[in-house]
Structures are given as C-alpha cells and as structure tokens.
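The values are calculated or read from the model by the stated rules, or taken from the named source; none is laboratory data. Source: prediction; values computed, not measured. Counting neighbours? That spans all protein chains shown, and the Cβs are built from the backbone with ideal geometry, glycine included.
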Amino acid sequence: MSEPVTVTYSLEEILKRIEDKLDKFDEKFESKLDKFDERLTAIEVGQAKLVH
C-alpha cells in the first residue's frame with residue numbers, strides 16, 4: 001500500500017487562486033451580460049420599427 005501524499009499550500013497561494021477564479025467568473029458573467037444587453041437592444045429596436 002502506498003503512503004498518503006501531503007500537499008502544502010500557503011494561505012496566500014490559496015487566496016490568489018480563489019481570486020483568479022473569481023476574476024475569470026466575473027469576466028465571463030460580464031461578457032454574457034453584454035451579449036444579453038445587445039440582444040435586448042436589438043429586440044427593442046425591432047419592436048420600435050414594427051410600431052412606427
């Protein structure tokens with residue numbers, strides 16, 4: 001049987017990794033929000049053209 005492996009990370013490394021993941025999540029969220037806003041604007045413009 002093999003012995004257990006011990007992995008050691010500093011708190012700074014762990015927090016940095018969490019921060020990086022949160023930054024990536026924020027970037028993805030902002031990108032999707034921008035796409036949603038563009039689509040909503042296109043729908044509003046389309047509705048305005050139909051009304052006039």
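The condition of being surrounded by 10 or more Cβ atoms within 10 Å (Cβ to Cβ) and either of a type outside the set (Asp, Glu) or at pLDDT 95 or above (or both) holds for only one of THR41, THR8, that being THR41. Is there a residue being at pLDDT below 95 and not in a helix (DSSP H, G or I) anywhere in segment 26-38? Looking for residues that are at pLDDT below 95 and not in a helix (DSSP H, G or I), one finds none in segment 26-38, hence no.
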